[in-house]
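In what follows, a single structure is set out as structure tokens and then discussed.
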Amino acid sequence: MAVTGGPVRIILFLLALSLPIVTLVWVMYPDDMFKFHGFSLNPLEGDGESQWQYFNLHPLLMVGGYGFLGTSAVSAFKLLPVSHDAQKYIHVALHIVAIALTTGSLLVVMTYKEVSKQDEFYSPHAWLGIASLAAYDLNALVAFVLFIVGKLACSRASETARRVFVPAHRFFGFIIYASTMGAILTGIAGRMWIAKIALHEVKNVEGTLMMTADYLTMLVTATLCCVVFVLYHTKNNNKQDEYDMIPTDDMEYGSDVYK
């Protein structure tokens, strides 16, 4: 049974907002063994250990892009109490900023690996992260061409293409979003594996880092579950163009919503 946004909107926003905040705390927490915390915009300064300060930009940008902005974008049509056109433009804007942040995050990783002489991308996190980023960008690009450029073209062919593409865009968009959250979870696990090796003699710091990582893992999982609930069980917050986001088998393709 579908329910209205109300408290669900607030809960989801707070969960999504907590992700970059907890990540910031996680990567800023000081230790006494080596510079595992803090930030640096120059990967060439200092020794090899201080390069972690540059690498720390990667999780913050990824979680901010996918965890906060991506979550806000996929739920925009369900939870924002504005017109459909406003929902659409907010959805697009959030995705554009998310793509900018995550692309920058990938460049951070590539620069770090080049400077630290680590040229491998063989971990599950690396494969899932790159695949998710490519799929995310491709889905956004096709949607932008069809829904923005195609609408401006005002051709019959582009209108038909938009109606046909809507179910695929929504279905694969959710799958891609879920995979980005999976990439975040595998990234947390990978970082903690490295931290456990590096900080095994500093038990208090190790325990704090591990506990913060556990909190972050639970928040990411809770956010994903909340998004699933929102997409399946909440009504569209736009009363003028109310329709369910998922499932898509009963959509009225002739509606002005898809034009």
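The values are calculated or read from the model by the stated rules, or taken from the named source; none is laboratory data. Since the structure is predicted, the reported quantities are computational estimates derived from the model, not experimental observations. Because the Cβ atoms are built from the backbone with ideal geometry, glycine has one as well, and the counts that use them run over all protein chains shown. Protein only, heavy atoms only, side chains kept; ligands, DNA and RNA dropped before computing areas. Shrake-Rupley method; radii C 1.70, N 1.55, O 1.52, S 1.80 Å.
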Selected residue (criterion: modelled with the highest pLDDT) from residues of the range 101-132 that are more than 18 Å from the chain's Cα centre (by Cα), closer than 22 Å to Ser179 by Cβ and not charged (D, E, K, R): Met110
Every residue from the range 101-132 that is without any contact (Cβ under 8 Å) to a residue 24 or more places away in the chain and either open to solvent by 50 Å² or more (accessible area, probe 1.4 Å) or closer than 30 Å to Gly6 by Cβ (or both): Leu107, Met110, Glu114, Lys117, Gln118, Asp119, Glu120, Phe121, Tyr122, Trp127
One residue from Asp214, Asp137, Asp244 being acidic (Asp, Glu) and modelled with pLDDT under 75: Asp244
Which listed residue is under 16 Å from Ile184 (Cβ atoms), part of a helix (DSSP H, G or I) and among the β-branched types (Val, Ile, Thr), from Val97, Val109, Val92: Val109
Failed item, numbered, when Thr180 is tested on (1) at pLDDT below 95; (2) among the β-branched types (Val, Ile, Thr); (3) buried (at least 18 other Cβ atoms within 10 Å of the Cβ): (1)
Answer residue from the range 76-100, given it is among the β-branched types (Val, Ile, Thr) and open to solvent by less than 50 Å² (accessible area, probe 1.4 Å) and is modelled with the highest pLDDT among those: Ile99
Qualifying residue in the range 189-201 (condition: touching a helix residue (DSSP H, G or I) at 6+ places or on another chain (Cβ under 8 Å), modelled with pLDDT of 85 or more, assigned to a helix (DSSP H, G or I) and crowded, with 16+ Cβ neighbours inside 10 Å): no
Of all residues in the range 36-74 being modelled with pLDDT of 90 or more and polar (S, T, N, Q), the one that is surrounded by the fewest Cβ atoms within 10 Å (Cβ to Cβ): Ser72
Tabulated pairs, the range 178-201, first over 19 Å from Gly65 (Cα atoms), second at pLDDT below 70 and surrounded by 18 or more Cβ atoms within 10 Å (Cβ to Cβ), C-beta under 8 angstrom, 6+ apart or interchain: Ala195/Phe36; Ala195/Glu206; Lys196/Glu206; Ala198/Phe36; Leu199/Phe36; Leu199/Val205; Leu199/Glu206; His200/Glu206
